[in-house]
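Before any comments, here is the structure.
The values are calculated or read from the model by the stated rules, or taken from the named source; none is laboratory data. Just so it is clear, the structure is predicted and the values come from calculations on it, not from any experiment. Glycine also receives a Cβ, built like all others from the backbone with ideal geometry; neighbour counts cover every protein chain displayed.
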Amino acid sequence: MIQFNNVVKSYQQGNNALAGVSMQIEDGEFCFLTGPSGSGKSTIIKLITGELKPTSGTIHVNGYSLERIRRREIPYLRRTVGVVFQDYRLIEKMTVYENVAFAMRVVGAREKEIRERVPYVLELVGLSNKMNRHPTEMSGGEQQRLAIARALVNNPSTIIADEPTGNLDPERSMEIMSLLQEINNLGTTMLVVTHDLHLVHTFGKRNICIDEGLVVDDGLGEDEEVAD
Ligand code: ADP
């Protein structure tokens, strides 16, 4: 579960990025987080992963209280939250298999577990036949799938996908969204951060909309002009 209670985040320059955000995302939910550029979306992601601390208010993520989390607990928090970064952050000199295996090695997984788990997640994202390729030899959609596989491999309870369709054409975007939905159906809480309202309307899922650091709307992301 992700819970923000009246969260304020001011940066050192006195810039109020979040002005009192309250929201709750239950285990197993599929939820969009939308808002214009500069509205506070990245700040929310960084607060969820413990990269930033709130100026005031309380944040609970998967059993951790982030306003008072200790530095040594942060790696454990991060194992519960897989992030799919907008720029993928793949390691170019490693193969597809190694990119995913590496994410398991850094958290101390055993080789036997790695040999079992990596092919499973690559199959799930549809990259079984690309295991020995390098990221530079793959399309944008395939690189996005690899980034998703890597976020998934340590079996986090939550995935945050930051603009997962930002670099893709509409057809690939739909494929990636279907994949995220499939992963959600398997039980992973999914938070999709996007400014693509068309995507939100197409999927008709919950949409938490922020503007100027405040939640301005929270409900089903249906297109009101189309809905009757
Ligand atoms: P979004 O991801 O929706 O574009 P951000 O969370 O990046 O929004 O930014 C929210 C506000 O906080 C903006 O006004 C931005 O300029 C400001 N901000 C973001 N990061 C910093 C920082 N490191 N230092 C100062 N201000 C920042």
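Worth pointing out:
- Count of residues meeting criterion [at positive phi and at pLDDT 95 or above] in segment 173-228: 3
- Matching residues in segment 53-68 - criterion: being modelled with pLDDT of 95 or more and surrounded by 15 or more Cβ atoms within 10 Å (Cβ to Cβ): 54, 57, 58, 59, 60, 61, 62, 64, 66
- Identification of strands (runs of 3 or more DSSP E) wholly contained in segment 1-52 with 2 or more residues that are among the polar types (S, T, N, Q) and surrounded by fewer than 21 Cβ atoms within 10 Å (Cβ to Cβ) yields 2-10, 16-25.
- Of the residues in segment 20-43, at least one is more than 30 Å from residue 182 (Cβ to Cβ), touching a Leu at 6+ places or on another chain (Cβ under 8 Å) and within 16 Å of the ligand (Cβ to nearest atom).
- Residue satisfying all of: in segment 102-118; part of a helix (DSSP H, G or I) and hydrophobic (A, V, I, L, M, F, W, C); surrounded by the most Cβ atoms within 10 Å (Cβ to Cβ) among these: 118
- The set of residues in segment 131-169 that are modelled with pLDDT of 95 or more, under 19 Å from residue 183 (Cβ atoms) and among the hydrophobic types (A, V, I, L, M, F, W, C) comprises 146, 147, 148, 149, 151, 152, 153, 159, 160, 161.
- Residue count for segment 53-66 under the criterion of being in contact (Cβ under 8 Å) with a residue 60 or more places away in the chain and either near the ligand (Cβ under 9 Å from one of its atoms) or part of a strand (DSSP E or B) (or both): the result is 1.
- So residue 10, is it within 14 Å of the ligand (Cβ to nearest atom), under 30 Å from residue 143 (Cβ atoms) and hydroxyl-bearing (Ser, Thr, Tyr): no
- Long-range neighbours under 8 Å by Cβ, at least six apart or interchain, first residue over 22 Å from residue 185 (Cβ atoms) within segment 106-135, second of a type in the set (Ser, Thr, Tyr) and surrounded by 15 or more Cβ atoms within 10 Å (Cβ to Cβ): 131/95; 131/97; 132/95; 132/97; 133/95; 134/95; 135/88
- Residue 88, sole failed condition from (1) touching a residue at least 40 places away in the same chain (Cβ under 8 Å); (2) within 16 Å of the ligand (Cβ to nearest atom); (3) among the aromatic types (Phe, Trp, Tyr); (4) more than 21 Å from residue 209 (Cβ to Cβ): (2)
- Number of the exception - residue 95 against (1) surrounded by 15 or more Cβ atoms within 10 Å (Cβ to Cβ); (2) within 21 Å of residue 27 (Cα to Cα): (2)
- Condition met for residue 83 (modelled with pLDDT of 95 or more, aliphatic (A, V, I, L, M), touching a strand residue (DSSP E or B) at 6+ places or on another chain (Cβ under 8 Å) and within 15 Å of the ligand (Cβ to nearest atom)): yes
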